[in-house]
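One structure is given here, and the rest of the page talks about it.
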């Protein structure tokens, strides 16, 4: 995408954007590899809500509050992951409540969900922390381990454990107002990036409504490049893809064209 | 770590911090899973420069400039990854030059490295873009594909391809001013997080100089939790680890203690 593409950073009702806020020391220390951003990025783009920014912050109150407020002012939707469990380092809900300037309250519906989930005597004080929800929030179902996420304003507070986060996302997707879905095509070939760069840049200039990215790879002993075209208009996408395949052939390569961005 | 731990956000000469800026649409779309943040996080923590923040921004000039300037003002070191190749979507160097308010110049040393790397006639205009370096920057070696990274101020501009990024990092590590290395211990057990949460929080209160995190897992059919202790004082770390193992036993669990954070 050209650097000044107008749709890329300014969300509108017709072209919403999302931001992801990953919360947790374990991601910054390298102990845990984040798996939520890729899933959110793919799923939300397909729903017409491209993720345009992500941040990773530690379990530090001021950092979380600042990031929540910066991102919710800038994007149509914000998805936080992590920090809503029962231990002392789970401080996301305190921070989100402070970011919105509302009280953090024991939510009766959330308590009822935990009571139904845990065996008698198991719902201790630590686990009850997971039922403290910012005032005015709407709960998000957790079909796996009961403790809910929630939505407040344009912010969705989700679990960090990937299978729980995915289940929560599946539950909230129908309520989101998406723009036109973003489609992708990939042209892969064994040409070097530097060989095709000039023609690729000229193609991007001719198709300013599409986003064209160049991703080199080394696979099974061969260097090559995957050229990914994205856009909402499939006819334009197909036209640019055909032109690009011709360019690859003209430069002596053998293009492999696939639907989607994974080729 | 407690939310107000003083060392966690404010870098000092004795306790430097790092930030990572991942640049690229492909990370936000979910096409590519970032592999650089975990490596930077682990490597820099071992060098006494914990990563305390990360951001992912698209290939959009204003976003990159804003992020570079926000992060370099806040942290001892910033490491950017991505966007320094030969194609039209590689705009990191233009943006870094603008962030620092300096010219982007064809760097003779960088040109010489590319000339030595490419066969006669292969160093075309697109590839020469990789020798455009902000004025005043110092080159960072790329032992794999020649096109250098660079350091300007406290910002290191690195490749996005993981093996090249790692090689560049290996080259710059000796020049960094690290604080005391951060060590880690892990106590794993099959107790639920909610069972151990109260005692774990009390342990964190007693060891405010350590950072204690709780990471639930589901492995080979069993739920459990990895409790990770981090700090620079190994005697304190060992004392807290021994206390935590006792807590696990008292609660009916079987602790497995390992060095490092991966247990």
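Tabulated data
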{"quantity": "Position residue B:108, label points 7 Å along Cα→Cβ, spacing to each other copy in nm (shortest first, one decimal)", "calculated": "7.9"}
{"quantity": "Relative contact order of chain B, pairs being alpha-carbon contacts under 8 Å that are 6 or more residues apart, as %", "calculated": "18"}
{"quantity": "Residue of B:182, B:157, B:102 that the Gaussian network model of chain B assigns the largest fluctuation, springs spanning Cα pairs under 10 Å", "calculated": "B:102"}
{"quantity": "Rounded, prolate or oblate (a/c below 1.5 giving rounded, otherwise prolate when a/b exceeds b/c) for segment B:54-114 by Cα gyration tensor", "calculated": "prolate"}
{"quantity": "Ratio of the Cα radius of gyration of the protein assembly as shown to 2.2 N^0.38 Å, where N counts its residues", "calculated": "1.00"}
{"quantity": "Fewest-first sequence of B:227, B:37 by Cβ atoms within 10 Å of each Cβ", "calculated": "B:37, B:227"}
{"quantity": "Equivalent ellipsoid, chain B (semi-axes from 5 times Cα gyration tensor eigenvalues, Å)", "calculated": "42, 19, 16"}
{"quantity": "Ranked list, fewest to most other Cβ atoms within 10 Å of each Cβ, for B:173, A:106, A:40", "calculated": "A:106, B:173, A:40"}
{"quantity": "Segment B:89-168: C-alpha gyration tensor shape, a/c 1.5 cut-off, then a/b vs b/c", "calculated": "oblate"}
{"quantity": "Segment B:64-204 - percent relative contact order, Cα under 8 Å, separation 6 or more", "calculated": "23"}
{"quantity": "Segment A:183-259: relative contact order in percent, alpha carbon pairs under 8 Å with at least 6 residues between", "calculated": "46"}
{"quantity": "DSSP bridge orientation in segment A:1-139 - percent antiparallel, rounded to nearest 5", "calculated": "20"}
{"quantity": "Span per principal axis, largest first, for the Cα atoms of segment A:156-263 (Å)", "calculated": "49, 34, 18"}
{"quantity": "Exposure proxy order (Cβ contacts within 10 Å, fewest to most) of A:87, A:43, B:80", "calculated": "A:43, A:87, B:80"}
{"quantity": "Degrees between helix A:61-74 axis and first principal axis of chain A (Cα, 0 to 90, nearest 10)", "calculated": "50"}
{"quantity": "Cβ-Cβ FRET estimate between residue A:106 and residue B:102, R0 fixed at 60 Å, reported to 0.05", "calculated": "0.65"}
{"quantity": "Degrees separating the helix A:162-172 axis from the principal Cα axis of chain A, which is the longest one", "calculated": "90"}
{"quantity": "The protein assembly as shown, helix-only ellipticity at 222 nm - DSSP H runs n ≥ 4, -39,500 (n - 2.57), divided by all residues, nearest 500", "calculated": "-10500 deg cm²/dmol"}
{"quantity": "Residue A:262-residue A:119 pseudo-label distance in nm [points 7 Å out on the Cα-to-Cβ vector]", "calculated": "4.0"}
{"quantity": "Folded to 0 to 90 degrees: helix A:234-250 orientation relative to chain A principal axis, Cα", "calculated": "50"}
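Read-outs throughout are calculated quantities, based only on the coordinates presented, and are distinct from any laboratory measurement. For clarity, every value in this text was computed on a predicted model and none was experimentally measured. Positions of Cβ are backbone-derived with ideal geometry, glycine not excepted, and every protein chain shown enters the neighbour counts.
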